[in-house]
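The values are calculated or read from the model by the stated rules, or taken from the named source; none is laboratory data. Note that this is a predicted model, so its numbers are computed, not measured. Here the Cβ is made from the backbone with ideal geometry for all residues, glycine too, and neighbour counts use every protein chain on show. Just so you know, the surface numbers come from the protein's heavy atoms only, side chains and all, with ligands and any DNA or RNA stripped out. Shrake-Rupley method; radii C 1.70, N 1.55, O 1.52, S 1.80 Å.
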Amino acid sequence: MSPSSTPDWSAVRAQFPILSQVQSNGQPLIYLDNAASSQKPQAVIDALVRYYTHDNANVHRGLYELSARATDQYERARGRVAQFIGAEENEIIFTRGTTEGVNLIAHAWCSKNLRAGDVILLTELEHHSNLIPWQLAAQRHGATLRFVPVLDETGAPDPTALPAMLTPEVKLFAFVHISNSLGTIHPAEEWCALARSRGIATLVDGAQSAGHIPVNVKDLGCDFYVLGGHKMCAPTGIGALYGRAEMLDELPPFHGGGEMIESVRYDRATYRAAPARFEAGTPNIAGAIVLAAACDYLDGIGIGHIAARDEALTRRMVDALNSINGVRAIGPEGPRGALSSFVMEGVHPHDLVTAASEYGLALRGGHHCTQPLMKKLKLPGTARASLYFYNTEAEIDRMAEILTAIRKYFA
Amino acid sequence: MNPLDELYQAVILEHSRRPRNNGPQPVPPAFHAEGVNPSCGDEIEVWVNFTEDGKIGKVTFQGQGCAISQSAASIMTVKTAGRSVEEARAMLTGFHEIVSTEIDPDMDRFGELAVFAGVRQFPARVKCAMLGWRALEQALNRSEASVTTE
């Protein structure tokens, strides 16, 4: 399959063994919770098995063949992930996931740069993972948080607000690239350029954009970009933080331990350059290598094709939701991430999701780790259906049938 | 009966659509407590008014949540009114048993509460059923506090 020709999507789907299962009551699985975690293709599962079958050893210190091989694969994985998002190899730090990436910057960057009275700017759409680390950092340093307001249920940011909010006391602007609860796609390039022109550092939360749309961190112009592997066909427990080389080089360590040091005495130590400085202890070697395999897999299909597939399926899904009596899709009218939150009149999202599960349909219900946003929009949570390229038109049509039946059940 | 019908019994759906004793009571004389389910964000506030002889007078609740949490709280307000604190605590223990164990719920002892036995097939929903009861437990201690179902 070459990235230039449109993939055979049913053949692609067949590469995901988990998707062909039936649930305990005999219903075929319809997996529409991809914004929470994606499924894994056989090629990725095989890469994990291959590593533990043939190549497993600790990295960076073993002077024997197996360790050299593991080290080589681990470091090549760094280069592969860098290539996937348009970064340089030394700009990629392996993390446990998106959340750890944000926490790393909220510690290392803030301890060097944040002072009492400073402001960290966020948006009202942030996932708790891009909110709580900044709350904690603000508490540590006597700084405050401000939020770019979201207008309404369409998830659109107030277009006039940002320029006026990037004031001199703002030192860092951290925002979600694609909202996990509403699907809003923020104009990351424009925002990063504006922030940079005023000397404000930027962090882009790429949890829902990596693996879904083409991402090039140099084009985005951000200082930091965080992603999690398990939402892009890799295992849980592995993610990556991109940091612009000049930024990383001047940051103090996050965790202390082995691997990140240059020379150690009992009372002090010197640290290695980035990225090693930020990877204390034995890393998730298999995770990194398999994340690289996931990058290979996704690039094999072509991120452009994946984005187009996401878009077509999402349009069908939003139309399907809005066509159901008593159901209202929430989120942007135009382009959006591969997901839709929705509410069903008279039916709480948790009852809806429990009922959907009886039909084999996996949805998410609740506040989607965006509690303040739900409060602001006066929603008692929403149900959410989220897609990836292996979902099918037939699954979306079946989802609509199931939701219609659920609406009747609770009416 | 399929698991969904066992979970959403007619009585449960009826109480969720038309919750009883819904709304705040003045504090004081009533004691007030709040239950929060962090995994879904559901919140239920409970008010308990005691009679002069120390029994539970009126119990009311207010909150937003799923059919299970709303109906469980609604039925709780009906069942605990007029009972002693000890009786209400025993009822809470029994209710927890009904929603979370394999033990046959004692229909004679718990009557209408037994309709919640279907919850046991949905472990993720036990917290929903317990939310109002946990807040009540707090109010029975006559302490202003917020509890979570984690």
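Among residues of the stretch A:152-200 being β-branched (Val, Ile, Thr) and under 24 Å from the mean Cα position of the chain (by Cα), the one that is surrounded by the most Cβ atoms within 10 Å (Cβ to Cβ) is A:176.
Considering only the stretch B:92-105, I want to know if a residue exists there that is out of contact with any helix residue (DSSP H, G or I) (no Cβ under 6 Å at 6 or more places or on another chain), at pLDDT below 90 and under 30 Å from residue A:364 (Cα atoms). Scanning the stretch B:92-105, I find at least one residue that is out of contact with any helix residue (DSSP H, G or I) (no Cβ under 6 Å at 6 or more places or on another chain), at pLDDT below 90 and under 30 Å from residue A:364 (Cα atoms), so the answer is yes. The set of residues in the stretch A:285-320 being basic (Lys, Arg) and touching a residue at least 40 places away in the same chain (Cβ under 8 Å) consists of A:309, A:316.
Looking only at residues of the stretch A:380-397 that are surrounded by fewer than 18 Cβ atoms within 10 Å (Cβ to Cβ) and not in a loop (DSSP other than H, G, I, E, B), we find that the one that is nearest to the other protein chains (Cβ to nearest Cβ) is A:397.
Whether any residue in the stretch B:52-63 is within 14 Å of chain A (Cβ to nearest Cβ), within 30 Å of residue A:375 (Cα to Cα), open to solvent by 10 Å² or more (accessible area, probe 1.4 Å) and not aromatic (Phe, Trp, Tyr) is what I want to check. So far as the stretch B:52-63 goes, yes, one or more of its residues are within 14 Å of chain A (Cβ to nearest Cβ), within 30 Å of residue A:375 (Cα to Cα), open to solvent by 10 Å² or more (accessible area, probe 1.4 Å) and not aromatic (Phe, Trp, Tyr). Residues of the stretch B:94-138 that are among the small types (Gly, Ala, Ser), more than 12 Å from the chain's Cα centre (by Cα) and within 22 Å of residue B:56 (Cβ to Cβ): B:111, B:114. If you go through the stretch A:84-113 and keep only what is part of a helix (DSSP H, G or I) and open to solvent by less than 30 Å² (accessible area, probe 1.4 Å), you end up with A:84, A:91, A:98, A:101, A:102, A:104, A:105, A:106, A:108, A:109, A:110. Can residue B:48 be described as farther than 30 Å from residue A:373 by Cα, among the aliphatic types (A, V, I, L, M), more than 14 Å from chain A (Cβ to nearest Cβ) and in a strand (DSSP E or B)? Here the answer is yes, as residue B:48 does meet what is asked. When the stretch A:398-408 is filtered for residues that are away from chain B (no Cβ under 14 Å) and either touching a residue at least 60 places away in the same chain (Cβ under 8 Å) or under 11 Å from residue A:181 (Cβ atoms) (or both), the ones remaining, listed by number, are A:398, A:399, A:400, A:403, A:404.
Is it true that some residue in the stretch A:371-388 is over 19 Å from residue A:207 (Cβ atoms) and aromatic (Phe, Trp, Tyr)? No - not one qualifying residue is present in the stretch A:371-388. Taking the conditions (1) touching a Ser or Thr at 6+ places or on another chain (Cβ under 7 Å); (2) in contact (Cβ under 8 Å) with a residue 60 or more places away in the chain in turn, residue A:238 satisfies each one other than (1).
Each residue in the stretch A:201-223 was checked for being over 19 Å from residue A:241 (Cβ atoms) and open to solvent by less than 10 Å² (accessible area, probe 1.4 Å), and 0 pass. For the stretch B:77-114, taking the residues that are in contact with a strand residue (DSSP E or B) (Cβ under 9 Å, 6 or more places away or on another chain), more than 24 Å from residue B:13 (Cβ to Cβ) and part of a loop (DSSP other than H, G, I, E, B), the one that is most open to solvent (accessible area, probe 1.4 Å) is identified as B:83. Scanning the stretch B:11-20 for residues that are farther than 30 Å from residue A:24 by Cα, touching a Leu at 6+ places or on another chain (Cβ under 8 Å) and modelled with pLDDT of 90 or more turns up nothing. For the stretch A:352-370, the set of residues classified as facing another protein chain (nearest Cβ under 9 Å) and either more than 20 Å from residue A:396 (Cα to Cα) or under 19 Å from the mean Cα position of the chain (by Cα) (or both) consists of A:365, A:366, A:367, listed by residue number.
Taking the stretch A:125-230 and the strands (runs of 3 or more DSSP E) fully enclosed by it, the elements with 1 or more residues that are of a type in the set (Lys, Arg) are at A:144-148, A:170-176. Residues in the stretch A:114-137 that are crowded, with 18+ Cβ neighbours inside 10 Å and over 23 Å from the mean Cα position of the chain (by Cα) were compared, and the one that is nearest to residue A:250 (Cα to Cα) is A:114.
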